[in-house]
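In what follows, a structure is listed as structure tokens, so that the remarks can point back to it.
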Amino acid sequence: MGKQTPLYDKHVVMGAKMVDFGGWDMPLRYGSQIEEHHQVRKDAGMFDVSHMSVVDFTGTDTRQFLRKVFANNVDRLTTSGKALYTCMLKPDGTILDDLIVYFMDENWFRVVFNASTHDKDLAWVKEHAKPFNMEIIEPPNMAMIAVQGPNARAKVGAVFDEPIRSEIAGLAPFTAAHFGDLFISRTGYTGEDGFEIILPASQVNDVWRSLYGEGVKPIGLGARDSLRLEAGMNLYGSDMDETTSPLESGLGWTVAWEPEGRDFIGRAALEKIRNEGTTHKLVGLILEGKGVLRNHQKVIVKGQDGGEITSGGFSPTLGKSIAFARVTKDISGTCKVEVRGQQMVATVVKLPFVRNGKSVQ
């Protein structure tokens, strides 16, 4: 048995199929994965993401430290609650993790790490924090719920009293507010509007129950993956890892090159890659025929090895199989993918596949 979130018993009672996910017992689905997917695209759904790691960086040197360890520049964060998506790199320019950092005040930045990278992330930041006047703190006994979908904002507002309701109603995208131990950000991993709610574990069952009472249905890991795939959002460990750089993972936009004097970890290696040019890029693929694109299937261009799929699956919104693929940089138009011994034609497209619940392809 793996680690359990504070909502584990709720998942079991609701009939979820539980699976191991990075050492955690998590719900894969509660019924139909496709119905759960459409629930988020058309209304609102909620995800237990309590396995994610919430870490607070506090102290007078915090901004200076984060300028060093993040590829994106936290100097862009000047308004309390504002969030920034970034990668944390190794000296060779490869990706240690991708994350969101929130600026609360000059002595407090909050970071949400991926669950699977918790141990190495903490070890990394603690090692590099030694020369800085700051503390790295994991708030104990916390839980996290993501509520996503076009009706998410109204339904989340309905479960909180004033003044929280008014505050989150006016919350801008990629911004957070906190009310004591309650932390609410207008962020997500589905391509839909919504919130991620961090709160004490002792309160999470009541909030889950209240959201369910407002018609927010629980959604499992299966639909979470198809939603993020349609939205063009990378998954750490599949589309990027310690063998790839942001420049070949569709994440060049997360690297802040200015000011030139900011010597973040991995900068020299990335500059070399940028100057010499990458050999591969991350693209979207749409399968033209019947079949399912899966991770690690080979991409073939003009009879030659053109790369491989990093994430693949069925898109309920498009009604077709889609994928991310890391391929040679000159690929365009169409290619072939080896699916169960057959070479099937796929169209190469720019990401994302879906925006605001509708196809952009």
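Quote the charge dipole size of segment 44-109 about the Cα centre in Debye, to the nearest 20; the model charges only the Cβ of Lys and Arg (+1) and of Asp and Glu (-1). Here the size comes out at about 200 debye. Taken about its Cα centre, the chain carries a charge dipole of roughly 1180 debye when the Cβ of each Lys and Arg holds +1 and the Cβ of each Asp and Glu holds -1. Here segment 190-211 is scanned for amide nitrogen atoms under 12 Å from the site 7 Å beyond the Cα of ALA158 along Cα-to-Cβ, giving 210-211. Scanning residues 5 or more positions from VAL339 or on other chains, those with amide H under 5 Å from its amide H are MET344, with H placed 1.01 Å from N in the peptide plane. Partners of LYS329 within straight-line reach, counting lysines whose Cα lies under 21 Å from its Cα and excluding those fewer than 8 residues away in the same chain: LYS272, LYS281, LYS298, LYS302, LYS350.
Inter-part distance, segment 69-107 to segment 114-135, computed on C-alpha centroids, equals 13 Å.
With r as the distance between the Cβ atoms of GLN342 and SER166 and R0 = 41 Å, compute the FRET efficiency 1/(1 + (r/R0)^6) and round to 0.05. Taking R0 as 41 Å, the efficiency between SER166 and GLN342 is 0.10. Each 10 Å bin from zero up to the one holding the largest Cα-Cα distance in segment 279-361 carries the following percent of pairs: 20, 58, 21, 2.
For segment 337-360 versus segment 270-326, the spacing of their alpha-carbon centroids is 8 Å.
Over all other residues within a Cβ to Cβ distance under 12 Å of VAL125, the charged ones net out to -3, with Lys and Arg as +1 and Asp and Glu as -1. Shown in residue order for segment 209-224 are the 3J(HN,Hα) couplings computed by the Karplus curve 6.51 cos²θ - 1.76 cosθ + 1.60 at θ = phi - 60°: 5, 5, 5, 4, x, 8, x, 8, 8, x, 10, x, 5, x, 5, 4 Hz (x for Gly and Pro).
Each value in this text was obtained by applying a stated rule to the coordinates, not by laboratory testing. All figures in this text were calculated on a predicted structure; none of them were measured in a lab. Please note: Cβ atoms are built from the backbone with ideal geometry, for glycine as well, and neighbour counts cover all protein chains shown.
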